[in-house]
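Read the structure below first, then the notes.
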Amino acid sequence: MPVIPRAQRRPAAAALAVVLPVVLALGGCMGYQIGNRSLYPSHIQTVYVPTFDSNSFRRDFGERLTEAVIKEIELKTPYKVVNTPNADSVLTAHILGENKQVVARDYYDDPRQVQVNMTVQVDWVDRRGQMLRSTEAMALPPELAVVAGSSDLTPEVGQSVATAQQQAIQRTAEQIVAMMEKPW
């Protein structure tokens, strides 16, 4: 057996001393995921989002919320929104109501600040029909077991009802997509 001189053993030992802790550290992190993928159920890859139903008398309210939710899913989740019910999961929603509420009045009793509110019931089911998230399944009183969004409207500064409604729709869409995260 050949004898390795001491000067040649030092670089090999130094390399082993550097590589061994790195390999051991990476071995302990094998179950971790990096990025937004770790926040969402991993067995879901695609989501089908049919046009949301609406009890509102406002025209195209369900379509506008559906569009906002699809954009939020594509932007913030690892899921791909597909146009077929054969997806890994289906996200459905029903707009239960939307209203305007006067927050402040001026001296002449005209609305100075108005709040636009909307309430939505959401269900997210996987391909096998198992409920992934539902607003009804939460242990909350019925009046709190829905997703709600609101926006303030101040006509004096030139804001319109359409702008306030769009803000309420956007805030509601953000809450719906946040609801898709895995529970802690």
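Scan region 71-93 for residues that are surrounded by 18 or more Cβ atoms within 10 Å (Cβ to Cβ) and among the hydroxyl-bearing types (S, T, Y) and report the count.
Selection size over region 71-93: 3.
Within the set of pairs 6 or more residues apart or between chains, which connect a residue that is at negative phi inside region 85-110 to a residue that is charged (D, E, K, R) with Cβ atoms less than 6 Å apart?
D88/R127; S89/D126; T92/D123; H94/D53; A104/R112; R105/R112; D106/R112
Please work out which residue is surrounded by the fewest Cβ atoms within 10 Å (Cβ to Cβ), limiting yourself to region 94-137 and to residues that are closer than 15 Å to V49 by Cα and of a type in the set (K, R).
R127
For region 154-174: of the residues being loosely packed, with under 15 Cβ neighbours inside 10 Å and under 19 Å from S54 (Cβ atoms), which is modelled with the highest pLDDT?
Within region 154-174, the match that is modelled with the highest pLDDT is A162.
Please verify whether G27 is part of a helix (DSSP H, G or I) and either modelled with pLDDT of 90 or more or of a type outside the set (F, W, Y) (or both), treating the condition exactly as stated.
yes
Residues that are over 15 Å from I176 (Cβ atoms), in contact with an Asp or Glu (Cβ under 9 Å, 6 or more places away or on another chain) and at pLDDT below 85: which strands (runs of 3 or more DSSP E) entirely in region 73-153 hold 3 or more of them?
By residue number, 111-126.
Taking only region 45-73 into account, find how many residues are under 18 Å from V122 (Cα atoms) and under 17 Å from the mean Cα position of the chain (by Cα).
Residues that pass the stated criteria total 16.
The values are calculated or read from the model by the stated rules, or taken from the named source; none is laboratory data. Quick caveat, the model's predicted, so the values are computed rather than measured. Using ideal geometry, Cβ is built from the backbone for each residue, glycine included, and neighbour counts are taken over all protein chains shown.
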